[in-house]
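**Student:** Structure provided below as structure tokens; questions to follow.
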Amino acid sequence: MTSPATTAHRICPFCEACCGLELEIEAQQVVRIRGDANDVFSAGFLCPKAIGLKDLHDDPDRLRTPLIKRDGQFVEASWEEAYAEIERRLPPIIAAGGPNAVGTVLGNPVSHKMGLSLYFPRLARALGTRNMFSASSVDQVPKMLSVGLMFGSWLAVPVPDIERCDFLLVIGANPMVSNGSLWTVPDFRGKAKALRARGGKIVVIDPRRTETAAIADEHHFIRPGADVFFLLGIAHTMFDEQLVRLGRLGQHAAGLAELEAAVRAYAPEAVAARCGIDAATMRALARTLCSTQRACVYGRIGTCTQQFGTLCSWLIDVINVLSGHLDEEGGSMFPKAAAFAANTRGAPGSGRGVISGRYRSRVSGAPEVVGEIPLTCLAEEIDTPGPGQIRA
Ligand code: SF4
């Protein structure tokens, strides 16, 4: 007799969007995965990665036990055997090479696993290694650094108030597919449609015609990696055409004269060729941002994972400040923490502040940020002999 189908609700473990899954299970097998329409974070949305979860789960190559290398071959082992192996081999490696001889790498799902969230920090403290790597450094660390320096907390990331916004400028982001990255947007498609239905406008800047570009009012192709010139051109125009209107942010903003001087050389006419967007378009976008009551700029991974990632991340928030849209309704707002937590720390108005660059990676000299070395340094830290080489 086959057991009746049951439904289980879980979250997708792949990224911070935490989309809700509805799993149909028969005879202990997942037979269907759908988006959970009642999930408050995703409202039924799933990206293709979650649809592939069943294949991943059933994949015969998925690791189901620890593996230990014996005679050059990985062989399956029990957890007891794995822990015994660690106990046998790890202490001598640390004794010989010091704590940095151990490297740790965290993937996205760590944020969604109670056990890892609770116990990994303790393991990291016990190891004492500086060779800590995670997916963050190939994703959002530039944004964390810029908001840390600007607002005083690594996680004080303002996001568009899309439900009240009338002009949304999206740069290097694809919320139609990501469900909003660093900005969880249940039903982005529906909210974008509503924005346009009330007379609002969405403009996308991206080297690719993304799914978000396809539903936007305008899409402007930009040369890959040239976002910084586009953003400098927008900021320049705001000063040049006397569009700056800080409003109540005036009492919190510092260094306006230095900023004006810093962007002076980056007139849209001077940077148009670098970014592949004409000067008239840049000036028009700057004017629209400043003349629309409820508007903001949102940028994401395309503005982070590139040569000028931190500068781009900072300029996005600078433009939201110059146009008077930071922390304003319909602009770019700071989300409130869910419960029993603060969304920033330290003194009001300045935050606690952040420190980076306390140490550098051994081979390339990359500075530490948020207690991590860039993941791109991992291979060379394993391959390059010398004191501090990762051996485990
Ligand atoms: S956006 Fe995709 S990968 Fe991320 S949680 Fe949602 S379904 Fe999973």
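Just so it is clear, none of the values below were taken in a lab; they were calculated from the coordinates. Just so you know, these numbers come straight off a predicted model, no measurement behind them. Note: ideal-geometry Cβ built from the backbone for every residue, glycine included; neighbour counts use all protein chains shown.
**Student:** Lys143: which lysines have alpha carbons under 28 Å from its alpha carbon, excluding same-chain residues fewer than 8 sequence positions away?
**Tutor:** Lys49, Lys113, Lys191, Lys193, Lys201, Lys336
**Student:** As a check on your grasp of the helix formula, calculate [θ] at 222 nm for the chain: sum -39500 (n - 2.57) over DSSP H runs of n ≥ 4, divide by the residue count, round to the nearest 500.
**Tutor:** Here the helix-only value at 222 nm equals -10000 deg cm²/dmol.
**Student:** Would you calculate the separation in nanometres between label points at Glu80 and Ala265, each defined as 7 Å from the Cα along the Cα-to-beta-carbon direction?
**Tutor:** Distance between the two pseudo-spin positions: 6.9 nm.
**Student:** Hey, can you rank 348-359, 172-183 by average C-beta count inside 10 Å, highest first?
**Tutor:** Packing order, densest peptide first, comes out as 172-183, 348-359.
**Student:** Another question, if that's okay. State to the nearest 20 debye the size of the charge dipole of the stretch 251-369 about its Cα centre, where the only charges are +1 on K and R beta carbons and -1 on D and E beta carbons.
**Tutor:** For this selection, approximately 420 debye.
**Student:** Counting Lys and Arg as +1 and Asp and Glu as -1, each charge on the Cβ, what is the dipole of the chain about the Cα centre in debye, to the nearest 20?
**Tutor:** Result for the chain is approximately 500 debye, rounded to the nearest 20.
**Student:** Highest mean first, what order results for 45-57, 114-126, 314-326 on Cβ atoms within 10 Å?
**Tutor:** 314-326, 45-57, 114-126
**Student:** For the stretch 264-392, take the convex hull of the Cα atoms, compute a quarter of its surface area, and give me that in nm², please.
**Tutor:** For the stretch 264-392, averaging the hull's shadow over all directions gives 12.4 nm².
**Student:** Of the trypsin sites (Lys or Arg not before Pro) in the stretch 149-215, which ones lie in a loop per DSSP and count no more than 16 other C-beta atoms within 10 Å?
**Tutor:** Sparse-neighbourhood loop trypsin sites (Lys or Arg not before Pro): Arg164, Arg198, Arg208, Arg209.
**Student:** Given the options Glu372, Glu76, Glu328, which has the most mean-square fluctuation in a GNM of the chain, springs set between C-alpha atoms less than 10 angstrom apart?
**Tutor:** Maximum fluctuation in the GNM of the chain, among the listed residues, is at Glu76.
**Student:** Apply the Karplus curve 6.51 cos²θ - 1.76 cosθ + 1.60, θ = phi - 60°, to the phi angles in the stretch 202-219 and return the couplings in whole Hz, x for Gly and Pro.
**Tutor:** Once θ is set to phi - 60°, the couplings for the stretch 202-219 become 10, 10, 10, 10, 6, x, 10, 7, 7, 5, 6, 4, 5, 9, 7, 6, 9, 9 Hz.
**Student:** According to a simple spin-label model (label point 7 Å from Cα along Cα-to-Cβ), what is the distance in nm between Asn108 and Phe221?
**Tutor:** Going from the Phe221 label point to the Asn108 one covers 2.8 nm.
**Student:** Which residue fluctuates most in the GNM of the chain (Cα springs below 10 Å): Thr303, Thr344, Thr281?
**Tutor:** Highest fluctuation among the options: Thr281.
**Student:** Positive end of the dipole of the chain, charges at C-beta (+1 Lys, Arg; -1 Asp, Glu), about the Cα centre: which of Val110, Val75, Gly233 has its Cα farthest in that direction?
**Tutor:** Gly233
**Student:** Assuming R0 = 30 Å, what is the FRET efficiency of Asp61 and Glu211, from their Cβ-Cβ distance, to the nearest 0.05?
**Tutor:** Efficiency at R0 = 30 Å is approximately 0.50.
**Student:** Answer rounded, prolate or oblate for the stretch 225-315, using the Cα gyration tensor with square roots of eigenvalues a ≥ b ≥ c: rounded when a/c is under 1.5, else prolate when a/b is larger than b/c, else oblate.
**Tutor:** rounded
**Student:** Debye calculation, C-alpha points only, no solvent: report log10 I(q)/I(0) for the stretch 2-127 at q = 0.12, 0.14, 0.17 Å⁻¹, in the same order as the q values.
**Tutor:** Each listed q maps to, in turn, -0.68, -0.86, -1.06.
**Student:** Could I ask something else about it? I'd like the GluC sites (Glu not before Pro) in the stretch 79-156 restricted to DSSP loop residues with at most 16 other Cβ atoms within 10 Å, sorted by number.
**Tutor:** Those that pass, being in a loop and sparsely packed, number zero.
**Student:** Related question: Once you have all Cα-Cα distances for the stretch 158-333, histogram them in 5 Å bins from zero and send the whole-percent values.
**Tutor:** All Cα pairs considered, the percentages come to 1, 9, 19, 24, 23, 15, 7, 2, 0.
**Student:** For the chain, rounded, prolate or oblate, judged on the Cα gyration tensor with a ≥ b ≥ c (square roots of eigenvalues), a/c < 1.5 rounded, else prolate if a/b > b/c?
**Tutor:** Note, shape of the chain comes out oblate.
**Student:** So, one more: Identify, among Ala254, Ser181, Met333, the residue whose Cα sits farthest towards the positive end of the charge dipole of the stretch 158-333, taking +1 on the Cβ of Lys and Arg and -1 on the Cβ of Asp and Glu, with the dipole about the Cα centre.
**Tutor:** It is Ser181.
**Student:** Quick check: from the Cα gyration tensor, does the stretch 6-58 come out rounded (a/c under 1.5), prolate or oblate?
**Tutor:** Oblate shape, in that a/c is at least 1.5 and b/c is the bigger or equal ratio.
**Student:** Another question, then. Going Cα to Cα from Lys54, which aspartates and glutamates come in below 18 Å? Please leave out same-chain ones fewer than 8 positions away.
**Tutor:** Within the straight-line limit of under 18 Å, Lys54 reaches these aspartates and glutamates: Glu22, Glu24, Glu26, Asp36.
**Student:** What spacing in nm lies between the two simple spin-label points modelled at Glu258 and Arg189, each 7 Å away from Cα in the Cβ direction?
**Tutor:** Using points 7 Å along Cα→Cβ, the separation is 4.7 nm.
**Student:** Check Ile171: other-chain or 5+ apart residues with amide H under 5 Å from its amide H, H built from backbone geometry?
**Tutor:** Ile205, Tyr298, Gly299, Arg300
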